[in-house]
Every structure is written in C-alpha cells, then in structure tokens.
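In what follows, a structure is listed as structure tokens, so that the remarks can point back to it.
Rule-based calculations on the coordinates, nothing more; no lab input. Since we're looking at a predicted model, the values are computed, not measured. FYI the Cβ positions are ideal-geometry reconstructions off the backbone, even for glycines, and counts take in every protein chain you see.
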Amino acid sequence: MKKHPLVPFLFLLLSAACQPDRSPTTGAADSVQVAIQHYLSQYSAYPMDFNASTYSENDRLILQKLVEASEYLDEIYWLQTSKYGMLLRDSLQQLHENPAASDLLTLVKRNGGPFELLNGYVPFIGNQTYYAGEEIYPRGMTAAIFDAYVQTLPPAEQKKFMSPYTVIREDGQGGYKAVYYHDEYAQYITPIVQLLNEAADLTDNASFAKFLHLKAEALSTDDYYDADVAWIDMKDSKFDIVFGPFETYSDGVKGIKAKYEAYVEIVDEKASADLDKYTSYLQEMENNLPVPPVYKSNASGLTATFVVVNDIIRKGEGAVGYQAVATNLPNDPAVHESKGTKKTFWKNMLTARFNAIIKPVSEQLIDESQLQYLSDEGFFQFVLMHEICHAIGPRTVKVGPNKGKAVNAAIGPNYSPLEEAKADVSGLHSLAFLMKKGVVDKEKAKSFYVSYLGSLFRSIRFGLDEAHGKGAAMSLSYLKDQGGIVYNDSTGRWLIDFDKFENSVKQLTSDFIILEGDGDNTKVQAFFDQWTKETPELARAIEVTRMLPIDVLPVRSITWQ
C-alpha cells in the first residue's frame, strides 16, 4: 500500500493524543484533539440505514452502479475543492484504527478539506490559508483580476471563461485559459459515463433510461440542457438521482462555477403525487409577487415537478457542510425559462433535521406560548414553499445596464445568500396566497410561521459567512424591524406577531425581488450591510444555543444482501 507523505506526522501527532503519558508531541496532540472534539460537537449523529436486500437482483445492480458512479464523482469534487484535503483524507484512512484519526477523518470528509465550513473556513488541521477560489481558479486570482482579463478576450472565449463548467488555469505565457470540466476531469468522467449507461440499460423505466443516457452524454460535453429537460420529464421511476455540477455557493471569486454533487434516491411515489396540486399555481404565485410588472416573469407552460425521496448516499458537495433537505434544480436560466424545474425533498433528512436540530433550538429560543405550533408538518410546508419559490422571481436581470444577464452572474457571490432569503420569504408570501385560495389549510398558518422561525435560528447558527446563515440573519433582522417577529427582552425569547407577520413578509419579498431584478451588487451589498449585523439579540440567541448541535451528521449504511 502506498504511503502518503502526511502519514508519519499524523501518526505521531494522533498517537500522542491517545497516550496517558507526556511526550514532546503531547501538548500539540491535546490541542488538536480538543479542537477536533469541539468541531465534531456541532453535529448530531443520525443513523440512516438502507436495506437493499428486499429489491430484485436487477434493481440492486442499478443502485450499485449509481453508488459506484457517485464515488467517482466524489473524487472530482475533492479535486475542485482541496487537493491538500484529499491528501489528508487518504493519509487518515491509513490510520483508521486510531480513534483520533477516525474523528479527524470524519471532520475532513464533512468539510471537504481542512477548513471548517460552519465557522468561516477556519483551519482545524494544518496551517494552510483558505483561498475562496479553491482549486477552480489559480491561487490569488480575484474577481477584479478575472474581470479585467476576460475583457481582453473575444466573445467566444469570454463565454467559456464565464461558463459554470470550466476551471481557470494559468496558460504558461503570463495569461489564463478556461478548461472544460469534461477535459479537466476526464479520468473520472469516463467510468462515470460507462456506469450511468449500464444502469440505463438495466432499468425498465423508459424515462429514467433516457435521462441516464443523456446525463452520461452531458457529463462528456458539459452541455446539460437536454439531460436537464429529460430529468424534469421523468415519470413513474422508483429511483432518481441528483448528479453533476449544479450549485455555485462555494465559488468565492465570481459565484458562477458549479461543484459536483451526487444523491442516489428511492422515490416515495405517493408522497410525490400528493404535491402535484401546486404545479398549476406557479404563474399565479408569480403574478402575486408585490413588485411592479417589469420585475415579473412568465411562468406559464413551465413544468414544476415535485419528488419526495429518501436518499441512500450523498457524495461531492452534497455530503459536505450544510446538509440540504430539499433542492430546486437545475440552475440553468435557459432551462428555467423554457421548461421549469424539479424540486426534490429528502424525506429522511427533513425528519432528521427537525428532530435533531430545529426542535431543540426552538425550545431554547421561541416563546413558550408558541412552542405548541412547532411541528414537522409546518417545517415541511415551509421547505416546500421555499423550493417552489426558487422558481419564481427574476432569473435574468430585468432593468438597468445588466438587463438580460443571468442574475447570479450580475450579482456574483452575494447572489447565493440573497436567493436563499428570497426563496424563504417569497415562499411565505405565496403560502399566504395559497391559504387565501383554499389550496392550503389556513387553520395551520400559525404552525407554518412558527416552524419557519425555528428554521431561521437553525440557519443563523451556520454563521454569517454561509449563504443560508447570512440569508436567515438578514430576514430575522428585517422582520423584527417591521414588527412581524418580536423579541422579548425579559425572557430572551422570540415570537411571531401573527397580525403583522404577513405584511412584513410582503415588504421583504418586494425588496428581495427588486434587488434581484436590478442585478446591481452595490445595492445588494448595501442591503446586506444594513441587515446582517450581529445585533445583541442575535448574539444572545447564538450564545444560548452554543452547546447544541448545528447540523445533522448522517451515519449511512447500505445492506446489499
């Protein structure tokens, strides 16, 4: 077995941490071990076991091929994120019998490297400095350097540099070049393509087979349009996957480069069918946005596919940092405008998050008179509306000098927290609309709103450097200022003012939609500066819940036989 160069150092450091006697390395080892345990305490371990032995041999083979493809995809993610982290991971795996090494390996895998994603990218091992471009851009490249260089290029090259699916490399001649993912990561793309095509040939569901074949082709070309459309159009499949480069959250330079992620999923067909009723209301929810007509979009004819699943494995960006309970994909504005989106809800993760995180946090921070309204059903309804409302509002800039440009490209890294907050509050605004129409039971409004408040506190605890945390802090401060959320100075607890809440949400929805429609990052930053400050009330909330876990740590196993 090949030894990685970090193994001897890690062995000495971690072995000392497990010895009762003192040694020259014990002080350093103790410090490392204390830090590891501190960061691990942020997570609540939650078993997620899947028994595949009850499936037919053919179905097990399909799932095994999808899981194997996900493992290859995971390697691409690490190459995008932290080559040093890969070295740490592989070195620690050789020391798996050492308890301290096992703990550190868990932390490295959870963060995709040596930087703590829930704590502003502080290093928990080693002395490297975090670079926001990670492995996608040459180290030291800034947005200003990128923009200045792109302006010197012909239009075709500009488009390639701005593609979500290219890495930026030095060209050896004092300049830069953009390299498509399928070329940069061909070593891993090739076996992934083979496995997806083999799985497609095994399934008896024609729409799933079509999607898998098109996804394999897309990974080979970085042209995902046809595969994305086929994914939205899938029908009656017992299995599904989220697979490929999607989210741009971790691109801290330009906010445009997508990271690879993989989820292999078992579809809950009944629960998915129950959500079909929302599809016909997309355009009405768009029309109901409290903004001038110029900021509204045409959602008629778009498909809104809802699928409730249990995931059996997460890899790539799906496995690190913030553990998503739902997603609205694809992110391509062209697909949004011509076809729509697919909204995936991970039932097992929703249950885990509510029980392990939201409920304990809410019991510490929400006024006792309103805890009766906290429920997993209310949380699910909020998440549902959040994902639906990623599909409404501007995808391209509506007014000003950036008109027609993709909103995320116009705004840059600030787009992610803005869009997450927009989906939250426009989801609540649309929920009020659907309750008035009788589509959703209005008697449960208090449960929906209080569960949203609990979810806000969960997100804020990720920190103001993380997209969901920043978005939640912004919304909490704004809604408190508007009177929809109230803080009790004497108890240190929070509550919803049900008489003012919906109007406060309406005002914030309007501000968010206009910010996106303007596509002006200067305005976005000014809004963030005003509303994301750590107030004394917010600081107290974070302190009160400091000892509680921040997120779920899935402990997964698959039984094949």
Practice item. Convert each backbone phi in the stretch 165-172 into a coupling constant with the Karplus relation 6.51 cos²θ - 1.76 cosθ + 1.60 (shift: θ = phi - 60°), then list the ³J(HN,Hα) values in order as whole Hz, x for Gly and Pro. Key: 10, 10, 9, 9, 10, 5, 8, x
**Study point:** Alpha-carbon gyration tensor eigenvalues x 5, square-rooted, for the stretch 151-192, Å
**Key:** 22, 13, 6
Check your understanding: Excluding same-chain residues fewer than 8 positions from LYS523, which aspartates and glutamates have a Cα within less than 18 Å of its Cα?
Key -> GLU419, GLU420, ASP511
Practice item. Per residue of the stretch 178-195, in order, report the coupling 6.51 cos²θ - 1.76 cosθ + 1.60 (Karplus, θ = phi - 60°) as ³J(HN,Hα) in whole Hz, putting x for Gly and Pro. Key: 9, 10, 5, 3, 5, 8, 4, 10, 4, 4, 9, 4, 4, x, 4, 4, 4, 5
Revision key, fill the gap. Answer in debye to the nearest 20: the dipole magnitude of the stretch 186-559 about its Cα centre, from +1 Lys/Arg and -1 Asp/Glu charges placed on Cβ, is 400
Revision key, fill the gap. Output for the stretch 452-561 (equivalent-ellipsoid semi-axes, sqrt of 5λ from the C-alpha gyration tensor, Å, descending) is 27, 21, 15
**Study point:** Residues with amide H under 5 Å from that of PHE239, placed H, sequence gap 5 or more
**Key:** VAL267
**Study point:** the stretch 527-540 - phi-based ³J(HN,Hα) in whole Hz, Karplus 6.51/-1.76/1.60, Gly and Pro as x
**Key:** 5, 4, 4, 6, 10, 10, 5, 7, 6, x, 5, 5, 4, 5
Check your understanding: In the structure displayed, which of LYS339/LYS359; LYS444/LYS480; LYS403/LYS506; LYS83/LYS257; LYS343/LYS500 lie more than 28 Å apart, Cα to Cα?
Key -> LYS339/LYS359; LYS343/LYS500
Practice item. Using only the C-alpha atoms of the stretch 504-561, find the volume of their convex hull and express it per residue in Å³. Key: 198
Study note, to complete from the structure: For the ASN197, TYR149 Cβ pair and Förster radius 45 Å, calculated FRET efficiency rounded to 0.05 is 0.75
Exercise for review: Could you run the Debye sum over the Cα atoms of the stretch 410-479, one equal point scatterer each and no solvent, and tell me log10 of I(q)/I(0) at q = 0.12, 0.17 Å⁻¹, two decimals?
Suggested key: -0.35, -0.64
Practice item. Search the structure for amide H atoms under 5 Å from the amide H of ARG556, placed 1.01 Å from N in the peptide plane, and list their residues when 5 or more places away or on another chain. Key: MET48
